[in-house]
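The values are calculated or read from the model by the stated rules, or taken from the named source; none is laboratory data. Bear in mind the structure is a predicted one, so any value in this text is a computation, not a measurement. Here the Cβ is made from the backbone with ideal geometry for all residues, glycine too, and neighbour counts use every protein chain on show.
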Amino acid sequence: MELKASDLRIGNWIDTEDGITQATSIDCDIIWTNKGVSYHPKDIKGIPLTEEWLINFGFEKINERTFRIIDKSKDEKLGYKDERNWKELDIIYWEYIAMGSYAKGYKFKWNDEKYVNYQKEKTIDYVHKLQNIYFALTGEELTIKE
């Protein structure tokens, strides 16, 4: 995946010719990293989201396909509140195998109580996209847990 500078935020993890690193400064067409090196967006790639990245960010594996992040300091789950209820946002691993084609990845999934048995989904295929969505939902950075 070729990135544009506008796809990134400071702190996003990216893949460069020098390996995995974090963006520390973003200009219109230059991205600086925590290694003190600058790159043009065409020279960096998104990092595919994997179970290892989810675990490193603090997500807990709930079952074979579901991951949930819990802020242990606040005992809160990632989610949002609609007019009536708290709705948890889970990350679900999916695979698609049919008629010779195969795909897999992760997606956010949440229930929509306006429609019975209806679930909304949004595929997240790269680490920086997960970081950006997490920040948009919580106002906090998604960091690697020690």
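In region 63-71 there is no residue matching the filter, namely being at pLDDT 90 or above and either touching a helix residue (DSSP H, G or I) at 6+ places or on another chain (Cβ under 9 Å) or not charged (D, E, K, R) (or both).
For region 1-28, give me the residue count where each residue is touching a residue at least 24 places away in the same chain (Cβ under 8 Å), of a type in the set (Asp, Glu) and exposed (fewer than 12 other Cβ atoms within 10 Å of the Cβ).
Adding up the residues that qualify gives 2.
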